[in-house]
Amino acid sequence: MQHLKYLYKFLWKHKLKLLVGTFFVLISNIFALYPAEFVRKAFDTILENTQNINNSSSDTNPISSSNKIILKYTSLILLFSVLKGIFMFFMRQTIIVVSRYIEFDLKNEIYKKYQQLNLEFYKKNKTGDLMNRISEDVSKVRMAVGPGLMYTINITTLFFLVINRMLDINSKLTLFTLIPFPLLAISIYYVSNKINVRSEKAQKQLSKITAITQESYSGIEIIKSFNQQKNILKNFVNECKKYTKKQIDLIEIEAFFFPLIIVLIGSSTLITIYIGGLESFKNNISTGNIAEFIIYINMLAWPIASIGWITSLLQRASASQERINKFLKIKPKIYQNNIKKTFIKGNIKFKDVSLTYNDTNIKALKCINLEIQEGKTLGVFGKTGSGKTTLLDLITRLYDTTSGKILIDNIDIKKINLSSLRSYIGYVPQDGYLFSGTIKDNIIFSSDNYNYDKMVAAAKYAEILDEINSFKDGFNTIVGERGVQLSGGQKQRLSIARVFYKNPSMYIFDDCLSAIDKQKSKNILINLNKKMKSKTSIIVSHKISSLEKLDNIIVLKEGEIIQKGSHKALINTKGYYKEVFIKQTSNLENI
Ligand SMILES: Nc1ncnc2c1ncn2[C@@H]1O[C@H](COP(=O)(O)OP(=O)(O)OP(=O)(O)O)[C@@H](O)[C@H]1O
Ligand SMILES: [Mg+2]
């Protein structure tokens, strides 16, 4: 349970509410206790009155006095039950509400951590696992601090109050009636553990089915064009069969749960009647006490049964919290190490920069030396896998160099305030990701201030304004999940518009014109030139036509710079750049 210690700080934060909650539990249990006493009193008085009828020795009418007593006690029982209910409501309103606050705090803490962690972490971990930390694990912990804590307080106070009352009446009877209870707690623990294991298995299978379904929706085009519907359906049916089997296993054990509780409570009641009967013959207790005891047993039965349930709840919460703690302890390798905001002009220098990806050991960049002067433009050219994206990722510090240094305005990039650095860069990634919101949301993504004219201008510069205007809802058109409603070229142009809206000091374009036709690409480049004036820019492209106007071009091959120079110089030098240029210009369709 030591992992749950992490929650102390949250519990401490809400200590007052929890204290008040505990008080409500106590009050509600005290109110719950009295009806049993009233039943005993009613029983005993009625018995007394019945004896009086038989003896006919009393002056008062025993039947009407019995009626009065029954009415008095039933009203009292009703009143106390209502009071108990009211305090139970307050108890839930405090303790369960606190658990929701803790869930909120914990989720925020985890989410904050997610945002700090590096890309490397995301590449290593599966999305499903990451989602589980923030959803399933947190909700298991919530169950422990909410219902778990509430029932623990409830059981402790109730146990203390009821046992105290029972011992007051008759210790022998108390001892006997409690015999089945430990057995009840232990068996519930085992059964609920089994239920948890089986329900987790069923849950996992359900996640698998969800994943298959989701994947087949996303890949529906490929499934249909490859005519794979039958195979996919077969796979789906198989997984569904497994799910049904797992659910049946779960129902089997769940079906065992309630009969087990009822048998054990029943045996306790039987013992009470038998031993209580014997004690009452000996005049150690009244018959009313037997009825009172039966009520106590029923009051204790559920809380005691829930000891097993709570134990298994706590175990699961502890395992979840252990995973959360491990995750929260991860230190991001790239973090804000300078809180002072930095103004960036845009001189970029690479000094003997190498990068080896830890997980694959691929040497993506080898001893790169390079300088891009403030306000100048650089083209990056090279075969697929030559390290172009890696080079850009180092400038935005999505990765840090393995060796060598990157200097921006002659300051080591690692010493520059991270958010300043990123705020000065307008980065269009290779696979322009769009969020599922409106076109407007996607364009104004980087800024808190919305300006309609700026948005329209950005869309215009990115050559997408006409298309947006042709949509029924214009800028308010919903971009489907992963931008499915848009074509590849439209998505790329929206990503470009997003950067134009940001109006940064440096532009970085990673092959973001690949799905855009020649004329539109040309126009975007002209607009870019207008915007890029006096701004440092780096453009990665497989199309030489996108690079020819830039000040300088480097050619990468297997992580090394093999050629450098202006477009003019490069097409006049024997080498890879010239070879591709000839191919691309002689085969215009490929441009
Ligand atoms: N996150 C990563 N983890 C491990 N290896 C990676 C990672 N990203 C890229 N690589 C590897 O590093 C090398 C360079 O990749 P990079 O993405 O920089 O190439 P690229 O020039 O941008 O290629 P393309 O033109 O296809 O976009 C490749 O061999 C690639 O497999
Ligand atoms: Mg790339």
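The values are calculated or read from the model by the stated rules, or taken from the named source; none is laboratory data. Since the structure is predicted, the reported quantities are computational estimates derived from the model, not experimental observations. Neighbour counts run over all protein chains shown; Cβ positions are idealised from the backbone, glycine included. Surface accessibility is based on the protein's heavy atoms, side chains included, excluding ligands, DNA and RNA. Shrake-Rupley method; radii C 1.70, N 1.55, O 1.52, S 1.80 Å.
These residues, Trp309, Trp302, go from largest to smallest accessible area, 1.4 Å probe, as Trp302, Trp309. Per residue, the average separation of C-alpha pairs within less than 8 Å and at least 6 apart gives the chain a relative contact order of 14 percent. By the rule of a C-alpha distance below 20 Å, with chain neighbours fewer than 8 residues away ignored, the aspartates and glutamates paired with Lys140 are Glu103, Asp105, Glu109, Asp129, Glu200, Glu254, Glu322. For Ile285, nonlocal amide neighbours, meaning residues 5 or more places apart or on other chains whose placed amide H falls under 5 Å from its own, are Ser280. For the cross-link pairs Lys414/Lys557; Lys345/Lys530; Lys522/Lys574; Lys414/Lys531, the ones whose C-alpha atoms lie over 21 Å apart are Lys414/Lys557; Lys522/Lys574; Lys414/Lys531. Using alpha carbons only, the radius of gyration of the chain set against its Kirkwood radius gives Rg/Rh = 1.19. For Cys240, the solvent-accessible surface computed with a 1.4 Å probe is close to 40 Å², ligands and nucleic acids excluded.
Hey, quick one: spin label on Gln214, modelled 7 Å out along Cα-Cβ, who in segment 416-443 has an amide N within reach, i.e. under 19 Å? Only 433-437 fall inside the zone, counting backbone N under 19 Å. Surface exposure of the chain, expressed per residue as accessible area with a 1.4 Å probe, stands at 55 Å². Rounded to the nearest 20, the Cβ-based charge dipole of the chain about its Cα centre (Lys and Arg +1, Asp and Glu -1) stands at 2200 debye. Computed 3J(HN,Hα) for segment 98-109, one whole-Hz value per residue from the Karplus formula 6.51 cos²θ - 1.76 cosθ + 1.60 where θ = phi - 60°, is 4, 4, 5, 5, 5, 4, 4, 4, 5, 4, 5, 5, glycine and proline marked x. Summarising the label geometry, the points placed 7 Å from Cα in the beta-carbon direction at Gln485 and Phe90 lie 5.2 nm from one another. In order along segment 312-323, the Karplus-derived 3J(HN,Hα) couplings, from 6.51 cos²θ - 1.76 cosθ + 1.60 at θ = phi - 60°, round to 5, 5, 5, 4, 5, 5, 5, 4, 5, 5, 4, 5 Hz, and Gly and Pro are given as x. Converting phi to 3J(HN,Hα) with the Karplus coefficients 6.51, -1.76 and 1.60 and the offset θ = phi - 60°, segment 245-253 yields 4, 5, 5, 5, 4, 5, 4, 4, 6 Hz in sequence order, with x at every glycine or proline. Remark on Gly382: its backbone amide H falls under 5 Å from those of Leu556, a criterion applied only to residues 5 or more positions apart or on other chains, H modelled at 1.01 Å from N.
Heavy-atom accessible area for Asp517, with the other protein chains in place and a 1.4 Å probe, reaches approximately 80 Å².
DSSP beta bridges confined to the chain are antiparallel in about 50 percent of cases.
Measuring against 32 Å, Cα to Cα, the residue pairs Lys331/Lys535; Lys329/Lys535; Lys68/Lys282; Lys204/Lys331; Lys340/Lys388; Lys123/Lys340 contain Lys331/Lys535; Lys329/Lys535 as the ones spanning a longer distance. Under 12 Å of direct C-alpha separation, and excluding same-chain neighbours fewer than eight residues apart, Lys333 reaches these aspartates and glutamates: Glu120, Asp400. Partner lysines whose Cα lies under 19 Å from the Cα of Lys72, excluding those fewer than 8 positions away in the same chain, are identified as Lys41, Lys84. Express in % the proportion of alpha carbon pairs of segment 348-590 at distances exceeding 21 Å. The calculated P(r) of segment 348-590 puts 58 percent of pairs beyond 21 Å. Placing unit charges on the Cβ atoms of the charged side chains and taking the dipole of segment 348-590 about its Cα centre, the candidate lying farthest along the positive direction among Ser436, Leu570, Leu494 is Leu570. For the chain, the longest principal axis of the C-alpha atoms and the axis of helix 15-55 are separated by about 20°. Projecting the Cα atoms of Ile307, Ser65, Cys240 onto the dipole axis of segment 2-329, where Lys and Arg carry +1 and Asp and Glu carry -1 at the beta carbon, places Cys240 farthest toward the positive end. Remark: segment 2-329 carries a charge dipole of roughly 1680 debye about the Cα centre, counting +1 on each Lys and Arg Cβ and -1 on each Asp and Glu Cβ.
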